[in-house]
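*Asks:* Below is a structure I'd like to ask you about.
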Amino acid sequence: GCCRAAEANAALAALRGLDTPRRLIEKRTAISGILLVMGGVCGKGKGKARAEEILKSGAALTKFQEIVEAQAGKLPKGDIPVGQYTAEIYIAEGGYVAGIRNKAIIHLARALGSPREHGAGLVLHHKRGDKVQPGESVMTLYAESPYKLEQGQALARKSNPVIVEGMLLQRLTDVREL
């Protein structure tokens with residue numbers, strides 16, 4: 001997504017052990033695991049598991065709080081507020097996410113007020129290859145004014161930032177050289 005507040009809320013939820021998308025945890029612990037191995041904290045092949053332990057134990061949240069406090073900051077008790085004006089962008093016909101138009105996403109986020117307005121932006125609900133049902137939301141728009149939300153909705157309809165196509169005949173998860 002391209003909404004600072006929404007992204008920060010997702011990260012804080014993961015640190016706090018709250019309900020978080022599994023793929024967010026997978027990516028973060030894989031990257032953290034690489035750094036733990038590189039830093040000599042644990043042996044090769046054990047970094048991801050160690051990162052998961054640190055996250056589950058609450059040690060990651062404690063360390064993050066220390067870092068924030070060292071910079072004279074304070075963690076919010078709840079969520080960081082997102083833009084008060086929101087809209088869902090629904091897909092008319094089902095299919096699979098064939099692609100995301102990154103430039104269209106950037107223009108859309110800017111039209112909504114991001115990055116200047118911290119609660120403005122968007123959150124994508126699917127990634128490439130995901131199945132989408134007819135009438136399902138593919139993204140949520142956030143704005144801090146009704147005008148910017150209207151502009152964002154119009155731009156989303158015009159630019160079609162999430163490409164959903166019909167039946168995916170085959171999904172290759174492991175490509176091997178013959």
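*Asks:* How many residues does segment 105-137 hold that are surrounded by fewer than 21 Cβ atoms within 10 Å (Cβ to Cβ) and out of contact with any helix residue (DSSP H, G or I) (no Cβ under 6 Å at 6 or more places or on another chain)?
*Replies:* Here the count works out to 21.
*Asks:* Could you list all residues from segment 1-30 that are among the hydrophobic types (A, V, I, L, M, F, W, C) and under 10 Å from the mean Cα position of the chain (by Cα)?
*Replies:* C2, C3, A6, A8, A10, A11, L24
*Asks:* Also: Which condition from (1) open to solvent by 90 Å² or more (accessible area, probe 1.4 Å); (2) touching a residue at least 24 places away in the same chain (Cβ under 8 Å); (3) among the hydroxyl-bearing types (S, T, Y) is the one that Y147 breaks?
*Replies:* (2)
*Asks:* On to the next question. With respect to K74, determine if the residue is surrounded by 12 or more Cβ atoms within 10 Å (Cβ to Cβ) and of a type in the set (K, R).
*Replies:* Spelling it out, it is not the case that K74 is surrounded by 12 or more Cβ atoms within 10 Å (Cβ to Cβ) and of a type in the set (K, R).
*Asks:* Given the conditions (1) charged (D, E, K, R); (2) modelled with pLDDT under 95; (3) assigned to a helix (DSSP H, G or I), and given that E117 satisfies all but one, which numbered condition is not satisfied?
*Replies:* Just one mismatch for E117, condition (3).
*Asks:* Could you check segment 104-162 and list, in sequence order, the residues that are in contact with a Leu (Cβ under 7 Å, 6 or more places away or on another chain), among the hydroxyl-bearing types (S, T, Y) and more than 24 Å from L24 (Cβ to Cβ)?
*Replies:* S159
*Asks:* Separate question: Is segment 145-168 home to any residue that is under 17 Å from the mean Cα position of the chain (by Cα), modelled with pLDDT of 90 or more, hydrophobic (A, V, I, L, M, F, W, C) and not in a strand (DSSP E or B)?
*Replies:* no
*Asks:* Separate question: Pairs only if they're at least six apart or on different chains, beta carbon under 8 angstrom, first in segment 67-80 and in contact (Cβ under 8 Å) with a residue 12 or more places away in the chain, second surrounded by 10 or more Cβ atoms within 10 Å (Cβ to Cβ) and among the small types (G, A, S); list them, first residue then second.
*Replies:* D79/A5; I80/A5; I80/A8; I80/G119
*Asks:* Quick check on segment 127-140. Is at least one of its residues in a loop (DSSP other than H, G, I, E, B), free of Cβ contacts under 8 Å to residues at least 12 places away in the same chain and of a type in the set (K, R)?
*Replies:* no
*Asks:* Check off (1) open to solvent by 30 Å² or more (accessible area, probe 1.4 Å); (2) within 30 Å of Q151 (Cα to Cα); (3) not charged (D, E, K, R) for A87 and give me the number that stays unchecked.
*Replies:* With (1) open to solvent by 30 Å² or more (accessible area, probe 1.4 Å); (2) within 30 Å of Q151 (Cα to Cα); (3) not charged (D, E, K, R) applied to A87, the lone miss is (1).
*Asks:* Being surrounded by 12 or more Cβ atoms within 10 Å (Cβ to Cβ) and more than 17 Å from the chain's Cα centre (by Cα) is the filter; apply it to segment 90-104 and report the residue that is farthest from R128 (Cα to Cα).
*Replies:* So the residue we want is Y90.
*Asks:* Ok, one more. Which of the residues that make up segment 29-51 are of a type outside the set (A, V, I, L, M, F, W, C) and open to solvent by 40 Å² or more (accessible area, probe 1.4 Å)?
*Replies:* Within segment 29-51, S32, G39, G40, K44, G45, K46, K48, R50 qualify.
*Asks:* Among the residues of segment 5-28, is any open to solvent by 30 Å² or more (accessible area, probe 1.4 Å) and hydroxyl-bearing (S, T, Y)?
*Replies:* Checking segment 5-28: not a single residue is open to solvent by 30 Å² or more (accessible area, probe 1.4 Å) and hydroxyl-bearing (S, T, Y).
*Asks:* Let me ask something else. Of these, S57, S32, which one is modelled with pLDDT of 90 or more, under 25 Å from H126 (Cα atoms) and out of contact with any strand residue (DSSP E or B) (no Cβ under 6 Å at 6 or more places or on another chain)?
*Replies:* Among S57, S32, only S32 is modelled with pLDDT of 90 or more, under 25 Å from H126 (Cα atoms) and out of contact with any strand residue (DSSP E or B) (no Cβ under 6 Å at 6 or more places or on another chain).
The values are calculated or read from the model by the stated rules, or taken from the named source; none is laboratory data. The model shown is predicted, which means the values in this text are computed figures rather than measured ones. We place every Cβ from the backbone using ideal geometry, glycine too, and count neighbours over all the protein chains shown. Just the protein is used for accessible areas: all its heavy atoms, side chains included, with ligands, DNA and RNA removed. Shrake-Rupley method; radii C 1.70, N 1.55, O 1.52, S 1.80 Å.
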